[in-house]
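J.: Got a structure for you, written out below as structure tokens; questions coming shortly.
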Amino acid sequence: MKNAPGSPPPVLRRGTFPRPDIRTGEDLFRLRHLDRSQWVVLGCPVEGLHFSKDTLDALNANGDDRILCEDLLRTIDWLETRLQSPDRLDGHASVSAADLDLASPDGKKLAETLQRILTNLGRGKDEAITLEDLANETALFSDARTNGDGVLPPAAAQSEDAQAAIEAILKLYGATADRTGENGVGRDTFTDFTGLAPKYLAWLLEASGQEAILPFQDKTHATYKAFSAARPLLDAWFDQCRLQQITARPDAATVPLQAFGDAEAFDFAKPIHPEHEATLAAFWETVLVPHFDGQPGTPLDRQAWAAIKTKFKAHGDWHSRNPDARLDSLDADTIEALLNPDVLKEIEDLFGQDKVIATELERMEELRKLLLFKRDLLAFARELAAMPGIYDPAESAIFQTGTLFLAGRKFHLCIHVDDPAKHAKLAAESGIFLLYCEILGGDQKRNIVAAVTDGTAQGLAVGRHGLFYDRSANEWKARVVRIVPQAISLKEGFLAPFQRLGELVASQFEKISSAREKKIHASLEKGFTDAEKQAATTKTGTAQSAQAPGIGGILAGGGVAFAALSSSLAFITTSLSKVDKVNFLYTAAGFLTVIILPSLFIVARKLRRRDLALLMDASGWAVNPRIRITGELNRRMTEKRKD
């Protein structure tokens, strides 16, 4: 690459912390010389970012779902060997030969692939290609019979013989699915076949015309199979029979194949162990009867059994040298046809073409990455190294997932969250009032956290419902599931003493009202009780009415209470009217100094200590500086209802 910069980018102070100024491709390449302590972000999660997923996947080459500053620096080094100059990172998803460094081996290879693509698309050699062009594989490989995945389906071959050979091989060795799901033969399987089939054919021809190896001609294989199954059973039985003659106490735990007689002979007409009865019946019908003149009632003695084993010895030795038992279903003529040099060459050429296409696909993937980085890398690096979207009202940061509408307000600082409970443990240290919401959109369910940066906590409670709109304008139903209470604004601090005083007065008034209410209820009950007694007595009511107040007494008591309250208010008013205005101002100033100013100081201190970096750290970000929330950011991130 020409003109690669050798010094770090300039560092500006905008907002509450210094940050590198990344404006051009040259500034991007200067990040290699920037100390890690001067990066704003050292790493971030892939999930929850409002950015091109294809570009994020290309940056997340190791698949750990995190993008670190080292990943970005490796990408810059990768671009240096392919681009002609840093200025080619222009934000456009198109590339031409003029953008590539032809003096570099990597750049030259990409230029060759670019020229082949332009030729296949019918364009001039100086034109550019786009991401849409690379997505059209049908046009790029219109004349190709393979797709570069190392698997050949039968349809990939042109001749019928080659198609039949591929079909036969995949039946013998098993099929491998290609990238389209079609069954075919892989390169390793074909190599195994071409290496073992000639050996198998030579082994097969070795037995041709050899009576010792094939004593029963074409029946030998089936006969030997039945013999091999019965041999260990009969060998064991004859050994047990010999032991029976030697010792009077044989192993009683072992059930013999057949009961022992006086002679060492196995009688197929007598009862046989049920587990092995079928195996020995097949041996009788396949071996003894047709080839050794087996007669019903004629037992098999030790000498006859030894002769049978001798008969199969040459075949057994030959059979043990079988190079590949998977080919046993084929005869010599079929194998010779499969090993036809023309057929093998056609299949070999197809694998060669497939390898070329695989290489082209790898280079096309490199071109695709180059196009993605050419379009997006400068913007992503600006966010990772400088994070300009936090204090810039013209754009949103990539970690902002959308806007929450709740309680008549709009909350713009919303971040994706995997586990609200786990996230809240660290996020609470940020000093920011947080709303954790569960959002539902169709069959999808996610979690977000919204920062409350302005206004008051009035109307914010667990269980409240709202709407969430993501950055793509999709609507989600939202419900508050968790709240982390913190200071929100100075207004809240100013009103807090009055709210506490109001709560105190209200509680005292409730106590007084409750006591008065109890007295009134007691008086009412007493009055009704006395009235009932008066109605039931036959005495004159004059003397009794003087003793019991009844309803009149209750009303009189209420009047006295009202008069007492009125007199108290009159006393307070009279006392205040006698206070000098200057003394009143001093008293008010003292009230403000003693009550309100400490409250404002405490709230202001809490607001100043708020740190957005800790909130992001709880979401998996590694942020270097402290990110304070300024007054402008307060109002921009939380919009109150406009009346």
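The values are calculated or read from the model by the stated rules, or taken from the named source; none is laboratory data. On a predicted model such as this, the values are computed, not experimentally measured, just so you know. With ideal geometry, Cβ positions are generated from the backbone for all residues, glycine too; neighbour counts draw on all protein chains shown. Note: areas computed on protein heavy atoms with side chains; ligands, DNA, RNA excluded. Shrake-Rupley method; radii C 1.70, N 1.55, O 1.52, S 1.80 Å.
J.: What FRET efficiency comes out for the pair residue 136/residue 518, r = Cβ-Cβ distance, R0 = 60 Å, nearest 0.05?
T.: 0.10
J.: Still on this structure: Can you list the residues, at least 5 places off or on another chain, whose amide H is less than 5 Å from the amide H of residue 266, using H built in the peptide plane?
T.: Long-range HN contacts for residue 266: 300, 301.
J.: Where Lys and Arg each count +1 and Asp and Glu each count -1, what net charge lies around residue 315 among other residues with Cβ under 12 Å from its Cβ?
T.: Value of the local net charge: +3.
J.: In bins 5 Å wide, starting from 0, what share of all Cα pairs of region 276-344 does each bin hold, as a percent?
T.: Values per bin, smallest distances first: 3, 12, 15, 17, 14, 12, 9, 7, 5, 3, 2, 0.
J.: Less than 19 Å apart at the alpha-carbon level, and either on another chain or at least 8 residues along: which lysines does that give for residue 125?
T.: 108, 109
J.: What's the carbon and sulfur percent of region 73-165's accessible surface, probe 1.4 angstrom, rounded to a whole number?
T.: Carbon and sulfur atoms account for 46 percent of the accessible area of region 73-165.
J.: Near residue 422, which lysines are there with a Cα under 21 Å away, not counting those fewer than 8 places off in the same chain?
T.: Straight-line reach from residue 422, under 21 Å: 445.
J.: To the nearest 10 Å², what's residue 47's accessible area with a 1.4 Å probe?
T.: 120
J.: Which percent of the accessible heavy-atom area of region 310-405 goes to carbon and sulfur, probe 1.4 angstrom?
T.: 52
J.: Taking H as built 1.01 Å from N, whose amide H comes closer than 5 Å to the amide H of residue 623, not counting residues under 5 places away?
T.: Placed amide hydrogens put 42 under 5 Å from residue 623.
J.: Starting from the Cα of residue 356, step 7 Å along the direction of its Cβ; do the same at residue 164; then give the gap between the two resulting points in nm.
T.: About 2.8 nm, to one decimal.
J.: Let me ask you something else. For a label point 7 Å from the Cα of residue 199 along Cα→C-beta, name the residues of region 317-331 whose backbone N is under 14 Å from it.
T.: 320-327
J.: Given a Förster radius of 41 Å and the C-beta distance between residue 11 and residue 419 as r, what FRET efficiency does 1/(1 + (r/R0)^6) yield to the nearest 0.05?
T.: Working from the Cβ atoms, E equals 0.70.
J.: Quick check for you: with a 1.4 Å probe and neighbouring chains kept, what is the accessible area per residue of region 344-420, in Å²?
T.: For region 344-420, the solvent-accessible area averages 34 Å² per residue.
J.: Could you run the Karplus curve 6.51 cos²θ - 1.76 cosθ + 1.60 with θ = phi - 60° over region 610-620 and give me ³J(HN,Hα) per residue in whole Hz, x for Gly and Pro?
T.: 4, 9, 5, 4, 5, 5, 5, 4, 5, 8, x
J.: Report residue 606's accessible area, 1.4 Å probe, all protein chains in place, as a number in Å² to the nearest 10.
T.: My reading of the accessible area for residue 606 is about 110 Å².
J.: Pull out the extension gain between residue 445 and residue 155, defined as 0.36 nm times the separation in residues minus the alpha carbon to alpha carbon distance; nm, one decimal.
T.: Additional length available on full extension: 99.9 nm.
J.: Considering only protein heavy atoms, what per residue accessible area in square angstrom results for region 444-491 with a 1.4 angstrom probe?
T.: Using a 1.4 Å probe on heavy atoms only, each residue of region 444-491 averages 52 Å².
J.: Give the cross-link partners of residue 511 among the lysines, using a straight C-alpha distance below 25 Å as the criterion and excluding same-chain residues fewer than 8 apart.
T.: Residue 511 reaches 519, 526.
J.: Given N residues in region 20-171, what is Rg(Cα) / (2.2 N^0.38 Å)?
T.: Rounded to two decimals, the normalised Rg is 1.41.
J.: In nm, to one decimal, how far is the modelled label at residue 90 from the one at residue 121, with both set 7 Å along Cα→Cβ?
T.: In this crude spin-label approximation the distance works out to 1.6 nm.
J.: Separate question: Determine the per residue accessible area of region 225-330 with all protein chains present and a 1.4 angstrom probe, expressed in square angstrom.
T.: Value returned for region 225-330: 60 Å² of accessible area per residue.
J.: List every residue whose amide H lies under 5 Å from the amide H of residue 406, counting only residues 5 or more places away in sequence or on a different chain, with H placed 1.01 Å from N in the peptide plane.
T.: Residues meeting the criterion, in which the H sits 1.01 Å from N, are 411.
J.: Can you tell me the equivalent ellipsoid semi-axes for region 314-461? Use √(5λ) from the Cα gyration tensor, largest first, whole Å.
T.: 66, 25, 14
J.: I would also like to ask the following. Determine, from the Cβ-Cβ distance of residue 593 and residue 394 and an R0 of 41 Å, the FRET efficiency 1/(1 + (r/R0)^6), rounded to the nearest 0.05.
T.: Calculated value: 0.45.
J.: How many nm is it between the label spots at residue 228 and residue 529, if each spot is 7 Å from the Cα in line with the beta carbon?
T.: The answer from the label model is 11.1 nm.
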